[in-house]
Amino acid sequence: MNFQLQHTDPKSNARAGVITTDHGTIETPIFMPVGTAGSVKAVHQRELKEDIKAQIILGNTYHLYLRPGLDIIERAGGLHKFNGWDRPILTDSGGYQVFSLSDNRKLKEDGAHFRSHIDGSKHLFTPENVVDIQRIIGADIIMAFDECTPGTADYDYAKQSMELTHRWLARGLAHFDETEPKYGYSQTYFPIVQGCVYPDLRKQSAEFIASQNREGNAIGGLAVGEPTDKMYEMIEVVNEILPKDRPRYLMGVGTPANILEGIERGVDMFDCVMPTRNGRNGMLFTNQGIMNMKNEKWKDDFSPIDSAGTSYVDSFYSKAYLRHLFHSQEFLAMQIASIHNLAFYLWLAGEARKHIIAGDFSSWKPQMVRQVSQRL
RNA sequence: GGGCAGUUACCAGAGUGGCCAAAUGGGGCAGACUGUAAAUCUGCUAGCUUACGCUUACGGUGGUUCGAAUCCAUCACUGCCCA
């Protein structure tokens with residue numbers, strides 16, 4: 001993997017760059033659609049490429065390991081071959097499941113002992129075997145196994161948790177460096193900063209992560225229960241330290257406004273389930289604000305879903321029709337909403353990039369934050 | 001013409017003397033969702049009220065009773081069966 005920094009905004013930390021992988025290039029800042037189980041829910045690969053213009057998508061170690069299982073993925077020739085996505089893939093390590101499935105696991109020094117949410121069977125995830133699993137899945141960018149610390153954790157817990165993540169990182173990195181990719185293209189390993197909402201812990205974590213000197217770095221443990229202002233503050237603290245010549249990935253974030261704020265603070269990569277999950281639940285994000293498509297007010301609004309939208313569905317379907325589809329629980333509703341939202345997120349990241357390159361990001365961004373935060 | 005069963009909130013449907021403004025579904029109206037256990041979850045859904053509470057309500061009318069969606073009479077309507 002390679003990262004070329006192309007432009008830096010003169011008035012903020014926003015930057016534009018290009019990541020090169022063996023599966024193609026990624027122009028940053030970028031939003032990465034989430035395809036946990038090897039599929040971006042409700043979205044066809046062709047739409048992902050042609051309509052949404054996704055450059056990289058995510059998969060998930062925990063979910064793909066449990067189902068379909070490593071044997072199938074390996075026999076398929078890796079996830080790219082299995083799901084037909086020939087562009088870059090990033091896999092999360094299962095660190096988020098340590099947080100989101102916390103009732104189903106026990107954390108120990110060796111790793112996370114999970115009870116499968118599917119059938120209750122027991123599985124141990126360690127920093128080492130999570131590398132092995134991600135070697136088999138074959139993502140271009142693979143993530144360290146961490147504990148995603150809840151945003152509400154107290155200082156002592158957050159400190160312990162961060163230290164565990166650091167110890168796990170050392171083990172994971174050592175194992176990564178002594179193993180090889182399986183499918184003839186290279187993989188890179190991103191370490192993850194933790195430290196919850198505590199500036200000194202974040203600083204300490206960022207310094208430790210930076211010292212590992214990897215090709216890219218991630219910021220985890222944000223948008224998990226802490227106030228939004230704290231999140232922004234933590235991004236600032238961390239990005240002060242993370243190397244400027246490497247991509248920075250803010251994991252799991254967020255709303256359109258969160259993304260713009262993140263870009264301004266020097267983040268290059270984002271992923272979030274929001275455009276897809278909220279889309280399936282009837283919420284549309286547009287450059288004019290947020291719409292709940294189930295609301296009565298759209299019932300006889302025959303105007304296009306998003307007249308300023310860049311995707312096919314935006315001008316082809318009307319608001320009234322989409323509302324009808326949601327009320328009728330038609331699959332098409334979820335498809336349209338997911339395509340629209342993802343296309344919008346990719347558009348937003350792309351616009352930010354253009355404005356960074358043009359040099360007027362700092363004047364463009366506040367106005368766009370206001371617009372996207374409105375409720376329609 | 002005769003017999004039987006029924007009529008409950010937007011719909012379906014439970015409730016057969018007080019714990020009933022009335023179970024449960026559905027529909028409707030809102031809200032939530034941030035490295036996906038999510039096509040999920042939550043709230044509201046007679047009127048007024050922030051709430052307490054008050055008012056009007058279980059086909060119509062009239063009774064019995066301290067008290068009726070629930071018991072009685074009668075009228076209307078619906079369904080099924082027999083001629």
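The values are calculated or read from the model by the stated rules, or taken from the named source; none is laboratory data. What you see is a predicted model; the values in this text were computed from it and never measured. Ideal geometry is used to build each Cβ from the backbone, glycine not excepted, and the neighbour counts take in all protein chains shown.
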Output for region A:349-366, where each listed residue is part of a helix (DSSP H, G or I) and either surrounded by fewer than 22 Cβ atoms within 10 Å (Cβ to Cβ) or at pLDDT below 95 (or both) | A:G350, A:E351, A:K354, A:H355, A:I357, A:A358, A:S362, A:S363, A:W364, A:P366
Subset of region A:166-206 that is of a type in the set (D, E, K, R) and touching a Gly at 6+ places or on another chain (Cβ under 7 Å) - its residue that is farthest from A:G225 (Cα to Cα) = A:K182
Could you tell me whether any residue of region A:13-30 is part of a strand (DSSP E or B), in contact with a Pro (Cβ under 8 Å, 6 or more places away or on another chain) and of a type in the set (S, T, Y)?
-> yes
The correct count of residues that are within 14 Å of RNA strand B (Cβ to nearest atom) and under 16 Å from the mean Cα position of the chain (by Cα) in region A:321-348 is 5
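A quick yes/no check of all residues on (1) in a loop (DSSP other than H, G, I, E, B); (2) β-branched (V, I, T); (3) over 23 Å from A:G350 (Cα atoms):
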| residue | (1), (2), (3) |
| --- | --- |
| A:G221 | yes, no, yes |
| A:N258 | no, no, no |
| A:D300 | yes, no, yes |
| A:H324 | no, no, yes |
Does region A:260-276 contain any residue that is β-branched (V, I, T) and either more than 20 Å from A:E351 (Cβ to Cβ) or surrounded by fewer than 24 Cβ atoms within 10 Å (Cβ to Cβ) (or both)?
-> yes
Which residue pairs have Cβ atoms closer than 8 Å, lie 6 or more positions apart in sequence or on different chains, and pair a first residue in region A:288-312 that is among the basic types (K, R) with a second residue that is away from RNA strand B (no atom under 11 Å from the Cβ)?
-> A:K299/A:A320
Subset of region A:127-156 (residues that are more than 14 Å from RNA strand B (Cβ to nearest atom) and of a type in the set (S, T, Y)) | A:Y155
Test: residue in region A:233-252 that is small (G, A, S), within 16 Å of RNA strand B (Cβ to nearest atom) and not in a strand (DSSP E or B) | yes
For region A:221-247, name all the residues that are within 20 Å of A:D200 (Cβ to Cβ) and under 14 Å from the mean Cα position of the chain (by Cα).
-> A:G221, A:L222, A:V224
